[in-house]
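The structure appears right after this line, and notes come after that.
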C-alpha cells in the first residue's frame, strides 16, 4: 500500500538531513510506483538547472541555489505552490548555461521548504515526483520554461527472478561499499535494510552513493527500473573495486608513514639521549670538519669544492647511507696534505754519506740523486725526476728508496704493482659506487702526510691488463712530469699536484714495460754484484742486520771473508744478495739456538759449520772442464736473476742431414741454430769440411738443463763454433766464453745484458770472452774492478770467432 506524504513526520526527517544526519530521505512507495499522492505534471514547467546533483523520483534532496535566475524561479514557484523541473547541466563550470548545456531528461519536483542561508544563498528541499523529458524550451528569461512530457519507469513483474536477484545484489554491494568507505554515513546501512520496496531501494541507492554526475544521469535516463538496476549494479561493482584499491593503497601508505613516524620518534629519543651524554655525533662530525677546514691551507678552487660538498653533508639526514659516503670523502680531503711539503736536506755531503752507508755500490743511482739535490740547491725548485731502477732481484732496488728518502729527509711510501690489473687501483673509483676508495697514489700521499714524499713503484714491469682496464695507461699521467701537476683521481674528483713527488720505479725486465711508459722514465740499470761486492755487502750490511734481528751479540758471532765466499759460491747462484741474506739468517739463527741452550761454541764460524748448518753445497762452480771435448762451447746468457753461463753441445749421427734441437729452446734460439748450420754448409770448403758429410750425417744440437726455458739470439756464434768443432773434429779452447748473434752472411751482431754476462763469466772462472765489436762501448761503461782477470776479444764475423775459439 502507498503511504501518504505526512508533512509533520517528514519535516522532522528534513531537519535531520539538514543537520548532516542523512543526505536523502527515501519516500516509501508501493510496488506499482505510486508516489503516495495523485500528481499531475503540467505540460509546461519552469526548469531549475542543477550544477552537480541528480534528483531521482521518490527522493527528497536539498539543493543549494545561488544564481539570480534560479533564486527568482524558486521564490515564484514556492509562492505559487506549483511544480518545477530539476535538470542537470552538462558542465558544472558553466556559470550561465543555455538550453544546449542541459540534459534533456530530468525530474519533476515539488518544493517542500526554502531556507535562507547567511551568505545570501537559498537551500531548497525538493521532493522528486516523476521523470520528465524536455521537448522544447519556451522561454529563457527571467528563467527557463519548457514544455515537458512525463516518463514513467517500467516496473518488472513481481515474479521477475532477474530483477529480484539484481536488487539483492545491489543491496549487498552497496552495503559493502558503505562498510569499506570511511566517507559514507553508516546510517545509510540502516535505511537500505529498511526500505521495503525495490523501486525505493534502487532510487535511494542511486541518490546516496558517491557517484559521478554522469553516472547518475545515465541511471536516471535508464528506460525502466530493470535497466536502471543493471546499470546500477555495474557501476556499484566498479566503485567497490575502486574503494578496495584505495583502501589497499592507503593501508600501505599508512604503514610507511607509521614506520617513518616510529623512526622519527626513535631518532628524537636517540638525540635526547645523545644530548644528555654530550651531543649528537653528527653535529660533532660537522663541527670537527669546520674546525679542521679552518686550519687547512687550501687553494681557492679546492676550498670552494670542500665547502660545497660540506653544505651537501649538512643538508643530509645522518641515517641515510649517502651520509657516511659524503663524510668519508670530506675527511679524505682534510687528511690530504694539499700544500704541506717537507724541507729537503740539501747537505750533499750528508746525503752522499747516508747513501754510501746504506748501500754498497749503486754508484750511478747515487750520482743521479746527488745531481738532483745539487740542482735544487742551486735553483731552489725542480720537478722531481721519474727514475726506474731495473735489474735482477735482490740487488737493492726497493730498499734504495728508503735510503733516498732518508738522505733527503722526505716521507717514504711504497706501492706494490706486481699483478695489478685494475685501473681503478691507480685512479680510484667514483665515490658514488658502493665501497669506493681513492687510488693507491692518493692513499700513499695521505699516509705519508706530505705532498713531496719519495714513493717506490715496485715491480712496474709486472702490471697486467684485464677487462677492468689498463693500469699502465693510468700510470702515464702519474709518471709524466708534464701531466702529473694536474693528476685526477676519480674518487677525489679534483686535480692533485704530483710534480713534487720523487717517484722511483723498479723492474726486473725492461722489455715487459710498455714503450710509452718506459719513455716517461729515466732508466738506470743496476746489474748484479761480483763476488767481492757480495762479500763486502755481507760484512757491512747483511750480517749486522741479521745479528740485530735475532738478538745475537756481535762479539759472539764472527764470519770471515773465506767463509762468506763459500756461502756465496756454493749455496747461491744469483746476481743479487737475497739468497745470501737468507743463508746468513739461517746461520745466525743456529748461533741464537746455541746461546739459548747454553751450548759451548766458538764465535768464529768455520767452513765445516756452514756445511753442517746449510747442508751439502747446492751449486758447484759455474764451469766445466770442457777443454779437449769436441763440439762443446761455453756461451753467456742473460736471465731475470742475472747473468749465467750455458753450454752448447752438438754431435753427428749417421743419417740424411736432419737437424734436431733439444734443451727447452724458444723459437728465436731454434732459428739461430738453423742459421748457424746453413752458414756452416755455405762455407764448408773454407772451413775444411767435406760437403758430403751434410747428407750422410744428422746433426743434434743440445743445450743442457732442459728444465730451464732458453731463448734469444745471443747463442748464435756459440752454435756456429760448436758445429764447426763437431764437423772438423777440432777442440775448443779452454775457459773461453762468447755471446753474439749471427746472420746468414756471417756477421756478428751485438746483444744486450753484457754486464750481467761478464759477472757470470767471472764467477765461472772464464778467462777470455768473445764479443761483437759493437759491444765494445758496453765494456767501457763497466767498472774496471768488474773486468779484472778477463780478456776481451771483439769480432765482426764468424770467421773471426773461429780463429779465436777453435784450436
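Values quoted throughout were computed directly from the atomic coordinates according to the rules given, and no laboratory measurement underlies them. Computed from a prediction, not measured in an experiment: that's the story for all the values here. All Cβ positions, glycine included, derive from the backbone under ideal geometry; neighbour counts span all protein chains shown.
Where both bridge residues fall in the chain, DSSP classifies roughly 60% of the beta bridges as antiparallel. Based on C-alpha pairs under 8 angstrom that are at least 6 apart in sequence, the range 507-618 has a relative contact order of 31 percent. Using only the alpha-carbon atoms, how far is helix 300-315 inclined from the longest principal axis of the chain? Give it as 0 to 90 degrees, nearest 10. With rounding to tens, the tilt is 40 degrees. With the convex hull constructed from alpha-carbon coordinates only, the range 429-495 shows a mean projected area of 5.3 nm² over all directions. For the range 281-335, the alpha-carbon coordinates run over 32, 18, 17 Å along the three principal axes, in decreasing order. Using a 7 Å offset from Cα along Cα-Cβ at residue 602, what residues in the range 538-558 end up with backbone N under 17 Å from the label point? The answer is 555-558. Once the mean of 1/r is taken over each pair of separate Cα atoms and inverted, the range 321-398 shows a Kirkwood hydrodynamic radius of 16.0 Å. With only the Cα atoms considered, the range 632-805 has a convex hull volume of 99 Å³ per residue. You can think of it this way: the chain between residue 297 and residue 421 has 41.1 nm of extra reach, that is 0.36 nm per residue less the Cα-Cα gap.
Residue order for 132, 177, fewest other beta carbons within 10 angstrom first, comes to 177, 132. Each residue, residue 790 and residue 179, gets one label point 7 Å from its Cα in the Cβ direction; the gap between the two is 10.5 nm. For the range 320-455, averaging the sequence separation of C-alpha pairs within contact (under 8 Å, six or more residues apart) and dividing by the residue count gives a relative contact order of 35 percent.
Note on the range 277-371: Rg/Rh from Cα positions, Kirkwood definition for Rh, rounded to two decimals, is 1.29.
What is the extension gain from residue 266 to residue 430, computed as 0.36 nm multiplied by their sequence separation minus the C-alpha to C-alpha distance, in nm to one decimal?
Gain in length upon complete extension: 55.7 nm.
The modelled label-to-label distance for the pair residue 168/residue 686, using points 7 Å beyond Cα in the direction of Cβ, is 12.3 nm.
Of the peptides 586-595, 497-506, the ranking by mean beta-carbon count within 10 Å, highest at the top, reads 497-506, 586-595. For residue 154 and residue 238, a Förster radius of 22 Å and the Cβ-Cβ distance give a FRET efficiency of 0.30, rounded to the nearest 0.05. The angle between the Cα long axis of helix 321-335 and the longest principal axis of the Cα atoms of the chain comes to about 40 degrees, rounded to the nearest 10. Note on residue 331 and residue 364: the extension gain reaches 7.7 nm, defined as 0.36 nm multiplied by sequence separation minus the Cα-Cα distance. The value of relative contact order for the chain, using C-alpha pairs under 8 Å at least six residues apart, is 7 percent. Taking a ≥ b ≥ c as the square roots of the eigenvalues of the Cα gyration tensor, an a/c ratio of 1.5 or more together with a/b larger than b/c marks the chain as prolate.
How many angstrom separate the Cα center of the range 691-716 from the Cα center of the range 308-381? That distance is 55 Å. In this label model, residue 287 and residue 350 are separated by 4.2 nm, measuring between points 7 Å along each Cα→Cβ vector.
When restricted to Cα atoms, the range 470-518 yields an Rg and a Dmax of 11.9, 35 Å, respectively.
Sorted on the mean count of surrounding Cβ atoms within 10 Å across their residues, most packed first, peptides 52-64, 364-376 read 52-64, 364-376. Starting from a Cα-only point model with no solvent, please compute log10 I(q)/I(0) by Debye for the range 566-699 at q = 0.20 1/Å. Results for the range 566-699 at q = 0.20 Å⁻¹ read -1.22. Which of rounded, prolate, oblate describes the range 381-456, given a ≥ b ≥ c as roots of the alpha-carbon gyration tensor eigenvalues and a/c under 1.5 marking rounded, otherwise prolate only if a/b is larger than b/c? Verdict is oblate for the range 381-456.
Report summary: the helix-based calculation at 222 nm, which adds -39500 (n - 2.57) for every DSSP H run with n ≥ 4 and divides by the residues of the chain, gives -13500 deg cm²/dmol. Can you compute the FRET efficiency between residue 377 and residue 254 using 1/(1 + (r/R0)^6), with r the Cβ-Cβ distance and R0 = 51 Å? Round to the nearest 0.05. After rounding, the FRET efficiency stands at 0.10. Computed from Cα positions, the angle between helix 348-358 and the longest principal axis of the chain comes to roughly 80 degrees. Using the beta-carbon distance between residue 323 and residue 464 and R0 = 56 Å, what value does 1/(1 + (r/R0)^6) give for FRET efficiency, to the nearest 0.05? Given R0 = 56 Å and the Cβ-Cβ separation, E is 0.90.
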